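Undergrad: Here it is, the structure in full.
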Amino acid sequence: MTAPKIVTARVGVAESWTIDTYLRKGGYKGLRKALKMEPAAVTDEVSTANLLGRGGAGFEAGRKWSMLRKAEPVYLVINGDESEPCTFKDHMLLENDPHQIIEGTIICAYAVGAAQAFIYVRGEFALGIERLTAALNEAYEHGAVGRFVFGSGFSLDVVVHPGAGAYICGEETALLESLEGKRGYPRDKPPYFPAVIGLYGQPTVVNNVETVSNLPWIVQKGGKAFAALGEGRSTGTRLFSLSGHVNNPANYEVEMVKTTFHDLIYDDEYGGGIRNGNELKAFIPGGASAPWFGPDQVDMPLDQDGVGKAGSMLGSGSIVVMDDTTCMVRAAWRITRFFHRESCGQCTPCREGGGWLDKVMRRIELGGGRESDLELLLDVCDNIAPGLSWPPQKTTICVLGPSIPSSITSAIKMFRDEFLIHIKDGGCPFD
Amino acid sequence: MTDPVEPGAPANPVINVDGKAIEARPGEMIIAAAERGGVYIPRFCWHPRMKPVGMCRMCLVEVNGPRGMALMPACYVPVSDGQEIVTTSDKVKKAQDGVLEFLLINHPLDCPVCDRGGECPLQDQTFAFGPGESRFVEEKRHWQKPIPINNLVALDRERCIQCARCTRFAEEVAGDPFIDFIGRSDHTEVNTFPGESFESNFSANIVQICPVGALTSTPYRFKARPWDLEVVESTCTACAVGCRMAVQSSQDRLIRHLGIDSEPVNHGWLCDKGRFGYEAVVSEERLTQPLVRKGDELIETSWHEALKTAADGLRRVQELNGSTAVAILGGARLANEDAYAWSKLARTVLGTDNVDCQMGDGLPAEVVLGLPRATIDEVCSADVVLLVAPDIKEELPVFYLRLRAAAIDRKVALVELAPQPTALTEHAVVSLLHRPGEAAAAARKLVSAVLGRKPSSGGGVKGDEIAAAAELLAGKRVVVVLGRPSLAEPADGTTEAAAVLAANIPGLRFLSALRRGNVHGALDMGLAPGVLPGRVSLDDGRAWFQSAWGADLPGRRGLDAHAILAAAATNQVQGLVLIGANPMADFPDRTLARRGLAGVGFTVVVDTFLTDSAIHADVVLPAATYAERPGTTTNMEGRVTRLGQKVTAPGTARPDWMIATELASLLGGDLGFESIDGIATEIERVAPAYAGVNPARLAKRENRDGFVVPLAEPHQEPEPPEVAFPPQESIVDVGDVSDPMESIEVNAAEAQGETLLPRSEPDAGPVGAPESIGDLTASDGSSLAPTIPLISFAGVEPMPAPHAPDAYSLRLVTSRSLYDAGALVQHSESLKPLATVTRIRACARDLSRLAVRPGDLVRVSSSRAALVLEAALDDRVPRGSAVIDFNQPGDGAADLVDVNAQVTDVRIENVKRPSARKASDG
Amino acid sequence: MARLNGDNTRRAEKLLELYPHKRSALIPMLHIAQEQDGWLTPDGIGHVAELVGLAPAEVYGTASFYDMLFTSPVGRHLVSICTNLACLINGAGELLEHAEERLGIPPGETTPDGEFTLEEVECIALCGEAPCLAVNWRFFGSIDTAAFDKLIDDLRTGRLAEKVPPHGTLCRVRRTVGLTTGSDGQ
Ligand SMILES: Cc1cc2nc3c(=O)[nH]c(=O)nc-3n(C[C@H](O)[C@H](O)[C@H](O)COP(=O)(O)O)c2cc1C
Ligand code: SF4
Ligand code: FES
């Protein structure tokens, strides 16, 4: 495990968020190099790297950039809305290495010919917003942003845009609506793929904060060097947010595929094992939307496609570990409640179905469950996301809706008995 | 919304729905194509007149895609050639049932006490598709029960299914975004900004399009159950747009109007005045019996007595003072057949050409009838629309919706030439705000710039604005919307502006923006001096009409409303018939109206209410209105459509044509018809512009949108000879849904008056000249009028520019707002409170120059009168001008205006300052 | 109270310059209004609506979508306790209960002295230090009941004034540069 630290190289360094530190540690070299390349060559490097988006959907960044509709102006929007439960990597990057995000943003804008870039930051990240704003001021002063970046013919303005507290605004089309000053309603795709009809109806690239944080390194070291890390489609390193019942919950940047869930959870270098020496009961491999895994899947590598084939997803890169003291009904209910609260409210199945599931789960956890509730839950889940297929059918506009069933169906499948005990005992056995 | 058709695109895509091949239109959504092909896909949020949002997910069907057959929303997936669609599989059924169940879990299911019960798409789809018993045992979501969101509409948020139809209507269609979604997830509610109301001239459309009972209209609440309602299709007569609507009644009483989607006209919408104006019809204050004057009093009497008194009085004037001492004013609110009857009566029995359906508040008949015309669709598909008109939003509301949509969706460039900004100003590319009375000067500068001369300022409009407008107009398909922008000046300025434009911009067409219900029909029927039925002049048509009518016609062109009142004021007009006319309210100069009415020796009033003008009459005859009698009307674009009859007129009130016919016979004449069909047939035969338009043809289902006259080409299809105005049963169906569809939800949607699809293709064709009528054959085979030239407008002599106002005066602009002191609003319980008090508005600089603060009471004086009004700040009013809405309750603009003056200047002085007193109270 | 004051109006107008379309400035502007008054007053919403050219209903509807924007008054300190999964399984339930007891109010309410508003929130992305909370969106990790009590004391006495500005203050760093390339790029 000697993979380089690509996006966290400066995390932990004193005053890592200032331009002095950043420059001292090699900052803005990638941008200077990129400006000497043709924009298309930058895209080629990124395609060679096979950099997968780090926001959750895992789409190849280079390919996304090549799919832009040919029209002017093009906009670039960086997604720093991180609100997926138990994901806290972008939060860390925003607070600790804002210049890296800005440099990545400018490189990306240069490659796609963007007229203006917006970094949409989750509103709650007050410190991150302050640090990013200060860094942007420094970057302007340094000549890295603005008119004629570093004396080149390329000019760009970057705007830091705060959100205001709505998980759904992390979904890229909702984010664009929100950036347009509206309610954060996801747009129906097709036709509203951002690359085709994005911000203000213009072709738009939306990339995650971590995704673009990789760009300075890729431009400097080359796409091949990045692709040499990892395996198959899952190249490079990736940041994983490890939380729950581990001894060392934190963000860890590890090489993809070469690392397994077991490594992350148990290695001293990372999670350091389950707290109090307890047993692993289940873990969520990729954020609240992802179906759960049990102890038998713990040796699986951190491989986007492999995890997908096993019926879940790496998603936002957050791993929540639950030990044997955890009430699975309560855990699943909490996630359901989250989706219920955060549904934007457009689609009937998500808006009403989420609320219904929340209420039934609550009733079971609090002791009012009925045996028929399990079939009801599964059927309501099926009505929200028929067949629970992934990618889901278009019963809803975005995939928040079809994500709601994940935790409930996982919990019922893996821990049906625990539900039945709740129902039989009229309450939670873990209380 | 839909993608534009690519040039050279192949033929229409063919889709396959449940094994049935359906030809679709490029870019349309599956749901629309399937429906036209006879497959109804359930829906709540989708509405054919608004952009899809795909929110309710009720329309899920299986569509073949990259990953095989998958569920997709039919309202959001455009058709493509070869697309396979399945709407009946178990998978579809389960998905749709699931959505329905989700919609119902928080729904109160209070159908028995819900106004929508019986015509509710949610209720009907539940019967048709939905699961029986509820598995939902949790507590439902609660909201405070109905809350008013304005005077006319109440909102029950518990019933709302968040389909966004109302909010989209408000924002997208009406441009009144005063309701919005609030909150998130299943706590989302529709509401206004706290403490504010949903201010819109179109607010109750949201009631009609709400697919559940969340929005109800206050006037209709609990008045009837849908299954008790009878319905007939008709045309709204509240203004000249002529929106198609369903008129509903219960127990012989009007109870509701619903908009019908007429492609060329109203797209399903109604304004609130048209929608609730039926309250005036059912008003307790309607005239129900004839009245005759006995001394100071008007006494109820029999029709025989009243008509005889009227005939005697008029005959006496004729005998003593000659036929030119008799005049008829009004007729713009009647049906065509009534107007024709009065027109014929005037010319053949009374022997006078002193007839005018306008109250001096419109434009000369020659201008309206004589300029090359355009339809509403042609306006909405022109390159540029030049608005020389008052605020369309206030006077022709649904036409405003069409124009607004054209400007936004079709990028039609609007250019305004007006004395004050209007609701369309924000959508106009250029607004040329000229000084009151100087429209012609500005038009001249504009034309000169269009013709390539160097732009310069004129009429108070800056040169660069002229240049910008000229650039837009040059070489484009331009249509002028021509109305009367201000009543504080005579029509001459506007007329001259129109003449200048018409003479210099080749191919220019005009759409009249006169507002009164059937003013265009009345003009077409000859209710204007010098004009005979069918848009021919007295001189050109004399020979034909003398032979057709078998009577001599007046030798000279008669007087218009202004001249009639002026002549009456000097006792030269001694016999006056007011037919649905109230000069005291509508004539721009109330002083002259008062003097005129006082100077007439004998006045007969035919009306529905005892108006300010009627109280001094000698005979008052109660008339029947729309919905109480059949007939036709002609809208602003010359579209002839049918009025439906649904209820009995109150008391002994009768249609005007009957009154005219009987009066004629008492005067010793014979109008030659005994039924409304007889009149209609005669109109077709004798009125040149109406050749080919007959009741039988209009009654056909496919002709419900009527015809724009004159018809472009003769119609050859054989017509049944006589069945005109067939019994209403055959025409009661509302909306237009293909026959094979019998599912209840269609009927529910129909009952909402919502046509599920536009009935016919949008007419996006080029602006084309109506062809002159050729050799036509009437339906009964009799020969038609020889080719008589239709009236054309010859132009006018230029007027001198008005003198500048003095330093202490502001120049007055006055035009109407939707809710005014007119009979319709004042006798509609729900609308009456919406008429505002008369205020005088000016910009901040003028107010402060005159030491007036908003809210102050000011003395407003002109050469005619002095009034005390409240001053209001309106920074949209150009400097140097002051605006008063015309005909608001109480004293107002008409008291200030002198029709003989070129402009109206008013002085404004502070009387007292209520706020100054408050200051000392601390 | 409550239209934007002169300085904030200028800040708001500067925001308008940063976006190709005015409405984009809406949410940042609402943050300014909330910074000024602690919540979005009707007048504040009305003023913002004027500045971006919307109806107040649209601004209200938009604001109400977002959890951070308050349309009723909030205490000087908004205490937001995360109870999402990582925190839940690390004692967030107990922390919340303790907070309710300590402050004497249930979530969603404000102490009578107007000092504290308590809310239960979704994940605040500090899961490595669960259970955690935020006060006026400044984060505090690994909060047990004792740490909570100390935090409340520190807030009350103003010892944390530097880290925790009054509710509504999102970003104390001002952007120093306007657009340099014209609003629609080069
Ligand atoms: C419900 C939902 C929430 C999302 N939240 C985030 C988020 O907080 N941050 C993020 O970067 N992407 C999020 N995404 C993914 C974005 O839609 C989008 O795929 C991503 O920003 C693209 O950037 P990437 O290709 O660099 O990953 C979310 C998606 C969904 C459906
Ligand atoms: S699935 Fe849920 S969150 Fe996504 S658009 Fe529909 S209602 Fe909104
Ligand atoms: S009708 Fe298609 S989603 Fe509502």
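Undergrad: Tell me which residues, restricted to segment A:311-331, are over 16 Å from the mean Cα position of the chain (by Cα), among the aliphatic types (A, V, I, L, M) and within 11 Å of another protein chain (Cβ to nearest Cβ). Steps first, answer last, please.
TA: Going through segment A:311-331, the residues over 16 Å from the mean Cα position of the chain (by Cα) turn out to be A:311, A:321-331.
The next check asks that each one be among the aliphatic types (A, V, I, L, M); those that pass are A:321-322, A:328-329, A:331.
Listed by number, the residues that qualify are A:Val321, A:Met322, A:Met328, A:Ala331.
Undergrad: Can you find a residue that is at pLDDT 95 or above, of a type in the set (D, E, K, R) and touching a strand residue (DSSP E or B) at 6+ places or on another chain (Cβ under 7 Å) anywhere in segment B:180-193?
TA: Scanning segment B:180-193, I find at least one residue that is at pLDDT 95 or above, of a type in the set (D, E, K, R) and touching a strand residue (DSSP E or B) at 6+ places or on another chain (Cβ under 7 Å), so the answer is yes.
Undergrad: Please state which of the following conditions B:Phe178 fails to meet, knowing it meets all the rest: (1) surrounded by 24 or more Cβ atoms within 10 Å (Cβ to Cβ); (2) more than 16 Å from ligand 2 (Cβ to nearest atom); (3) farther than 16 Å from B:Met50 by Cα.
TA: With respect to (1) surrounded by 24 or more Cβ atoms within 10 Å (Cβ to Cβ); (2) more than 16 Å from ligand 2 (Cβ to nearest atom); (3) farther than 16 Å from B:Met50 by Cα, B:Phe178 is out only on (1).
Undergrad: Residues that are among the hydroxyl-bearing types (Ser, Thr, Tyr): which helices (runs of 4 or more DSSP H) entirely in segment B:634-719 hold 2 or more of them?
TA: Numbers: elements: B:656-666, B:676-686, B:695-698.
In segment B:634-719, the matching helices (runs of 4 or more DSSP H) lie at B:656-666.
Undergrad: Scanning segment B:24-42 for residues that are under 32 Å from the mean Cα position of the chain (by Cα) and part of a loop (DSSP other than H, G, I, E, B), which turns out nearest to B:Val61 (Cα to Cα)?
TA: My answer is B:Glu28.
Undergrad: A further question on this structure: So which strands (runs of 3 or more DSSP E) are wholly in segment B:860-915 and hold at least 3 residues that are over 26 Å from the mean Cα position of the chain (by Cα)?
TA: Counting at least 3 such residues, we get B:866-873, B:905-912.
Undergrad: Follow-up. Criterion first (within 14 Å of chain B (Cβ to nearest Cβ), part of a helix (DSSP H, G or I) and of a type in the set (Gly, Ala, Ser)) does A:Gly308 satisfy it?
TA: Criteria not met by A:Gly308.
Undergrad: Scan segment B:71-83 residue by residue and report those that are away from ligand 2 (no atom under 16 Å from the Cβ) and part of a strand (DSSP E or B).
TA: B:Pro78
For every residue, the table says whether it meets (1) away from ligand 3 (no atom under 16 Å from the Cβ); (2) of a type in the set (A, V, I, L, M, F, W, C); (3) within 20 Å of A:Ile218 (Cα to Cα); (4) more than 11 Å from chain C (Cβ to nearest Cβ).
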site	(1), (2), (3), (4)
A:Gly80	yes, no, no, no
A:Glu84	yes, no, no, no
A:Ala111	yes, yes, yes, yes
A:Leu132	yes, yes, no, no
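Undergrad: May I pose another question? Starting from residues that are facing chain C (nearest Cβ under 7 Å) and of a type in the set (D, E, K, R), keep the ones in segment A:113-130 and report whichever is farthest from A:Pro85 (Cα to Cα).
TA: This residue is A:Glu130.
Undergrad: If we scan segment B:44-67, do we find a residue that is under 23 Å from A:Lys189 (Cβ atoms), away from ligand 3 (no atom under 14 Å from the Cβ) and more than 10 Å from chain A (Cβ to nearest Cβ)?
TA: yes
Undergrad: Determine whether C:Thr9 is within 12 Å of another protein chain (Cβ to nearest Cβ) and more than 30 Å from A:Leu242 (Cβ to Cβ).
TA: Here the answer is no, as C:Thr9 does not meet what is asked.
Undergrad: Would it be correct to say that B:Glu662 is among the charged types (D, E, K, R), modelled with pLDDT of 95 or more and farther than 20 Å from B:Val292 by Cβ?
TA: no
Undergrad: Further, regarding this structure: Please verify whether segment C:158-168 includes one or more residues that are out of contact with any Lys or Arg (no Cβ under 6 Å at 6 or more places or on another chain) and within 10 Å of chain A (Cβ to nearest Cβ).
TA: Checking segment C:158-168: at least one residue is out of contact with any Lys or Arg (no Cβ under 6 Å at 6 or more places or on another chain) and within 10 Å of chain A (Cβ to nearest Cβ).
Undergrad: What is the number of the single condition among (1) more than 15 Å from ligand 1 (Cβ to nearest atom); (2) within 30 Å of A:Cys347 (Cβ to Cβ) that A:Leu229 does not meet?
TA: Only one criterion is unmet by A:Leu229, namely (2).
Undergrad: Quickly run through segment B:559-604 and pick out the residues that are surrounded by fewer than 24 Cβ atoms within 10 Å (Cβ to Cβ) and among the small types (Gly, Ala, Ser).
TA: Once the filter is applied, which keeps residues that are surrounded by fewer than 24 Cβ atoms within 10 Å (Cβ to Cβ) and among the small types (Gly, Ala, Ser), segment B:559-604 yields B:Ala563, B:Ala566, B:Ala567, B:Ala569, B:Ala585, B:Ala598, B:Gly599, B:Gly601.
Undergrad: Just to verify a result, which residue in segment A:143-191, among those that are within 16 Å of ligand 3 (Cβ to nearest atom) and over 28 Å from C:Pro56 (Cβ atoms), is surrounded by the fewest Cβ atoms within 10 Å (Cβ to Cβ)?
TA: Only one residue tops the list, namely A:Pro191.
Undergrad: Right, something else. Take the conditions closer than 19 Å to C:Leu30 by Cα and within 16 Å of ligand 2 (Cβ to nearest atom) and apply them to A:Gly181. Does it pass?
TA: Here the answer is no, as A:Gly181 does not meet what is asked.
Undergrad: Here are some residues: B:Ala34, B:Ala128, B:Ala24. Which one is buried (at least 23 other Cβ atoms within 10 Å of the Cβ) and within 16 Å of ligand 3 (Cβ to nearest atom)?
TA: Of B:Ala34, B:Ala128, B:Ala24, the one residue that is buried (at least 23 other Cβ atoms within 10 Å of the Cβ) and within 16 Å of ligand 3 (Cβ to nearest atom) is B:Ala34.
Undergrad: For segment C:118-135, how many residues meet the condition of being more than 7 Å from chain A (Cβ to nearest Cβ) and surrounded by fewer than 24 Cβ atoms within 10 Å (Cβ to Cβ)?
TA: Selection size over segment C:118-135: 5.
Undergrad: Limited to segment A:138-184, what total is found for residues that are over 24 Å from C:Ala12 (Cα atoms), within 7 Å of chain C (Cβ to nearest Cβ) and part of a loop (DSSP other than H, G, I, E, B)?
TA: Residues that pass the stated criteria total 1.
Undergrad: Taking into account only those residues within segment B:210-229 that are closer than 15 Å to B:Pro121 by Cα and assigned to a helix (DSSP H, G or I), which is nearest to the other protein chains (Cβ to nearest Cβ)?
TA: Top of the filtered list is B:Pro226.
Undergrad: If you check B:Val241, B:Val265, B:Val232, B:Val207, which single one turns out to be crowded, with 24+ Cβ neighbours inside 10 Å, of a type in the set (Val, Ile, Thr) and not in a loop (DSSP other than H, G, I, E, B)?
TA: B:Val207
Undergrad: Only residues that are away from ligand 3 (no atom under 16 Å from the Cβ), in contact with a Leu (Cβ under 7 Å, 6 or more places away or on another chain) and more than 19 Å from B:Met72 (Cα to Cα): list them for segment A:343-397, please.
TA: A:Leu357, A:Val360, A:Leu377
Undergrad: Please work out which one of (1) within 14 Å of chain B (Cβ to nearest Cβ); (2) surrounded by fewer than 22 Cβ atoms within 10 Å (Cβ to Cβ) is the condition A:Ile364 fails and give its number.
TA: Failed condition: (2).
Undergrad: Any residue in segment B:408-428 that's in contact (Cβ under 8 Å) with a residue 60 or more places away in the chain: show its pairings with residues that are of a type in the set (S, T, N, Q) at Cβ separation under 7 Å, as long as the two are six or more apart or on different chains.
TA: From residues that are in contact (Cβ under 8 Å) with a residue 60 or more places away in the chain, the pairs are B:Pro419/B:Ser486; B:Pro419/B:Ser881; B:Gln420/B:Ser881; B:Pro421/B:Ser431; B:Thr425/B:Ser431.
Undergrad: State whether the residues of segment A:53-70 include one that is more than 14 Å from ligand 1 (Cβ to nearest atom), at pLDDT 95 or above, charged (D, E, K, R) and touching a helix residue (DSSP H, G or I) at 6+ places or on another chain (Cβ under 6 Å).
TA: No, that holds for no residue.
Undergrad: Determine the pairs where a residue that is assigned to a strand (DSSP E or B), located within segment B:588-616, has a partner that is among the polar types (S, T, N, Q) with Cβ atoms under 8 Å apart, the partner being 6 or more residues away or on another chain.
TA: As it stands, the answer is B:Phe602/B:Gln574; B:Val605/B:Thr611; B:Val605/B:Ser613; B:Asp607/B:Asn582, since those pairs meet every condition given.
Undergrad: Which of the helices (runs of 4 or more DSSP H) found entirely inside segment A:188-280 contain at least 1 residues meeting this: at pLDDT 95 or above, within 14 Å of another protein chain (Cβ to nearest Cβ) and over 24 Å from A:Trp65 (Cβ atoms)?
TA: Ranges flagged: A:261-266.
The values are calculated or read from the model by the stated rules, or taken from the named source; none is laboratory data. The shown structure was predicted, so the numbers you read here are calculated from the model rather than taken from an experiment. No Cβ is skipped: glycine too gets one built from the backbone with ideal geometry, and neighbour counts run over all protein chains shown.
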